[in-house]
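The structure appears below as C-alpha cells.
Please treat every number below as a calculation from the coordinates, not as lab data. Just so you know, these numbers come straight off a predicted model, no measurement behind them. Glycine gets a Cβ as well: all are built from the backbone with ideal geometry, and neighbour counts include every protein chain shown.
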Amino acid sequence: MKKVVSLLIFMIFVVCSVSAFAAEKVRFVASDNGTVLDTRTKLMWAAKDNGSDINWASAVSYCEEYRGGDFTNWRLPTISELEGLYDDDVTQEKGLIPFHLTDLITLSACCPWTSETREKGIQAALLDFSDGYVMWQYWTYGKTYPGRALPVRSTR
C-alpha cells in the first residue's frame, strides 16, 4: 500500500511539474490575425511595429487607429507593459543589434514609444529592446526620433 501511495504522489508531482513547465513555455500565442497574446498579462500585442520612424504624437494616432484582429481599442503601451515584454534570456538576431523579446513580435528598430510623457508633455519615453533601458526624448522639435509604434490592448 505504501508503494502505491508513493507512486501516486510521485505521478501527481510529475504531472504538476510538466503542466507548470508547459504553461511557462506557452506564454505568447500568435494568431493568424496579426496579433500575439501574452497569456501571463492578458495583453494582446500587434505582431509587428509600424515599420518606420515615427514621432510620439503620430505613434499615439497610429495605435488608436490600428485595427489588428478587428479590435478597436488599441493604444500605446506603458513603460511597465513594454518592460514586461523585455526578456534578457531571449535574443532576436535579426540585425546588427539583437533585441530581447519573443520572436513572435517583430520590431523594425530598437525602441517603441510608450504612452508616458513628462515635462508637460514635451518628452516621451521609449524602451530600448537591445538593453532594456528607458529613454526620454523631446519629440516636439519637429525631428522624428527613430521610435516605433507597437500597439497593445487589454483583453480583460
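Counting other beta carbons within 10 Å of each residue's own, what order do ARG148, ARG156, ARG40, ARG27 fall into, fewest first? Walk me through the intermediate numbers first.
Working: ARG148 23, ARG156 6, ARG40 11, ARG27 14.
Least to most surrounded, the residues fall as ARG156, ARG40, ARG27, ARG148.
Counting neighbouring beta carbons within 10 Å and listing from fewest to most, the residues LEU76, LEU43, LEU96 come out as LEU96, LEU43, LEU76. Computed about its Cα centre, the charge dipole of the stretch 28-154 is approximately 420 debye, with only Lys, Arg, Asp and Glu carrying charge at their Cβ.
Measuring r between the beta carbons of LYS120 and GLU83 and using R0 = 22 Å, the FRET efficiency lands at 0.35.
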